Amino acid sequence: MISFYPGPSRVYDEVPKFVKEAHQQGLLGINHRSKAFEEISRKTIQLLKQKLQIPASYTVFFVSSATECWEILAQSLHKNKSFHVYNGAFGERWFEYTHRLKHTAVGFPFEAEQELLAGDYLFSGSSTLICLTQNETSNGTQLSNKFIQQVKKSNPKHLIVIDATSSMAGIKLDFKSADVWFASVQKCFGLPAGMGIMICSKNAIAHATRIAEKNHYNSLTFMINKMKDWQTPYTPNVLSIYLLMRVLETLPGINKIHELTIERYRNWVIFFQKNKKLKLHIKNPKVRSNTVLTIEAPKSVIKKIKFAALKEGLLLGDGYGKLKKSTFRIANFPAIKEKEIRQLQKFLKGYL
Ligand SMILES: *Cc1c(COP(=O)(O)O)cnc(C)c1O
């Protein structure tokens, strides 16, 4: 079965080999306060910074999921307010999770086809969290690096916080243009589900230190403290960290991966432009995601095509939320192979 689901998705081919290797090296039962663990953690963070071009001054944390990051941020970085700019189900859910914990969270929904202008997002006051979903996995839209840079520039007293769950490690992100970035590993990282990564600027760390929130097992205060020794407050997913380290070792830098993602994205766009029945759901190329394609067709076609694909060993992603029945999704994640894309294209062409 080849998974084109936009998370959990296809994992890199080497993953089973690395799991075996972890076992052989006696790492599966390793203590998370040991030197051996610290070394794996340190090396993984070093590789993340090197391969993804994350500034050296940023702090990387291992967490359990992107969803956990939503809560950590609400608990430990939310001081006055948070502004949530979203156009789809994940951004909305992030807003709702935050709002349940902090009533001063405010939502700013926008239309999926709308290209945002940074000038429309000038916020007064200070220390607000400006929460953006860089890649909205539910509808297949994205925010550009340029937009994020401009929001940061026009809101220097606030913290820019980015959910990049379905794009980090798939496209090039300008990490210095925001204060917090997070993702989970079952999307563009091509790893089994079970871990998230949170990346914080010096400014974000200083802000968390001032708030000094300590009411939760995953309070950022504790995480910062433990990370001084490359550790985590609670027992982390050591295997996942190890797999991340090994996969990163084999991967090229993000520039190369970005190039590949864009090339494949362009190829998919041409493919669907030629297709009579299946259409790209997002029409505006300026806001269309490079890593998650959302395809629309009549409901009956969607249902049949997913079923027929499955029989061929091709798993398409269901539509998400209110797009569940009218669309399906295709992950354009780097772990997917060229020949698998050809196979899916051949199937889609033959089916229609
Ligand atoms: C998948 C996804 C999440 C949730 O990730 P978990 O690892 O399940 O917590 C959050 N935000 C976006 C944009 C996603 O694509």
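Over all alpha-carbon pairs in region 22-161, figure out the percentage whose distance exceeds 26 Å. Let's see the in-between values first.
Values: 3501 of 9730 pairs.
Every Cα pair in region 22-161 considered, those over 26 Å come to 36 percent.
Can you give the net charge of the other residues whose Cβ lies under 10 Å from the Cβ of ILE257, counting K and R as +1 and D and E as -1?
That works out to +2.
Would you mind ranking THR104, THR165, THR232 so that the residue whose beta carbon has the fewest other beta carbons within 10 Å leads the list?
THR104, THR232, THR165
Cut-off is 10 Å between beta-carbons; in what order do PHE222, PHE307, PHE333 appear when sorted fewest neighbours first?
Least crowded to most crowded, the residues run PHE307, PHE222, PHE333.
Over 29 Å between Cα atoms, which of LYS51/LYS311; LYS202/LYS286; LYS49/LYS325; LYS20/LYS339; LYS81/LYS146 qualify?
With Cα atoms farther than 29 Å apart: LYS51/LYS311; LYS202/LYS286; LYS49/LYS325.
Rounded to the nearest whole Å³, what is the per residue volume of the convex hull around the Cα atoms of the chain? Provide the component values of the computation, followed by the final result.
Working: hull volume 44.1 nm³, N = 352.
Convex hull volume per residue, Cα atoms: 125 Å³.
Rounded to the nearest 20 Debye, what is the dipole magnitude of region 94-190 about its Cα centre when Lys and Arg each give +1 and Asp and Glu each give -1 at the C-beta? Could you put the intermediate results ahead of the total?
Values: 9 positive and 9 negative charges, 86 e Å.
So the magnitude is around 420 debye.
Restricting to bridges with both residues inside region 76-231, how much of the DSSP beta-bridge set is antiparallel, in percent to the nearest 5? List each step's numbers first, then the result.
Details: 7 of 25 bridges.
Looking only at bridges with both residues in region 76-231, the antiparallel portion is about 30 percent.
Give the order of ARG329, ARG246 when sorted by the count of other beta carbons within 10 angstrom, beginning with the fewest. List each step's numbers first, then the result.
Values: ARG329 25, ARG246 22.
Listing ARG329, ARG246 from fewest to most nearby Cβ atoms yields ARG246, ARG329.
Have a look at ILE40, PRO6, ILE30 and report the one farthest towards the positive end of the charge dipole of region 1-69, computed about the Cα centre with Cβ charges (Lys/Arg +1, Asp/Glu -1).
The residue sitting most towards the positive pole is ILE40.
Taking +1 at the Cβ of each Lys and Arg and -1 at the Cβ of each Asp and Glu, which of PRO236, ASN215, LEU314 sits farthest along the dipole of the chain towards its positive end, judged by Cα position relative to the Cα centre?
LEU314
For n ≥ 4 DSSP H runs only, could you compute -39500 (n - 2.57) per run for the chain, divide by its residues and tell me the 222 nm figure to the nearest 500? Intermediate values should be presented prior to the final figure.
Details: 11 runs with 141 residues, N = 352.
Taking each H run of at least 4 residues, the total per residue is -12500 deg cm²/dmol.
For GLN114 and ALA212, what is the calculated FRET efficiency with R₀ set at 41 Å and r taken between the beta-carbons, to the nearest 0.05?
0.60
If we sort 131-143, 43-55, 77-89 on the protection proxy, mean other Cβ atoms within 10 Å, highest first, what's the order? Don't skip to the answer; put the middle values down first.
On the way: 131-143: 26.6, 43-55: 18.0, 77-89: 20.3.
Order by mean packing, descending: 131-143, 77-89, 43-55.
Using the Cβ atoms and a cut-off under 15 Å, what net charge is assigned to the surroundings of ASN225, where Lys and Arg are +1 and Asp and Glu are -1?
Every neighbour counted, the sum reads +2.
What length, rounded to one decimal in nm, is gained on full extension from LEU27 through to LYS325, with 0.36 nm per residue of separation minus their alpha-carbon distance?
Between LEU27 and LYS325, full extension yields 102.9 nm more.
With Cβ to Cβ distances under 12 Å as the rule, what net charge do the other residues near SER289 carry (K, R +1; D, E -1)? Don't skip to the answer; put the middle values down first.
Numbers: positive: LYS187, LYS286, ARG288, ARG329; negative: GLU136.
Once positives and negatives cancel, what remains is +3.
Where the only charges are on Cβ atoms (+1 Lys, Arg; -1 Asp, Glu), what is the dipole of region 234-352 about its Cα centre, to the nearest 20 debye?
Using only the charged Cβ atoms, the result is roughly 820 debye.
Considering Cα pairs under 8 angstrom that are at least six residues apart, work out the relative contact order of region 205-352 and quote it in whole percent.
16
For region 212-330, what Kirkwood radius comes out of the mean inverse Cα-Cα distance, in Å?
By the Kirkwood definition, the hydrodynamic radius is 18.2 Å.
What does DSSP give for region 11-163 in terms of the percent of beta bridges that are antiparallel, rounded to the nearest 5?
Antiparallel bridges: around 10 percent, rounded to the nearest 5.
In debye to the nearest 20, how big a dipole does the chain give about its Cα centre with +1 on each Lys and Arg Cβ and -1 on each Asp and Glu Cβ?
On the way: 51 positive and 27 negative charges, 165 e Å.
With Lys and Arg at +1 and Asp and Glu at -1, about 800 debye.
Coordinate-derived values only; no laboratory data. Keep in mind it's a predicted model, so treat the numbers as computed, not measured. Neighbour counts are summed over all protein chains in view; Cβ atoms, including those assigned to glycine, are modelled from backbone coordinates with ideal geometry.
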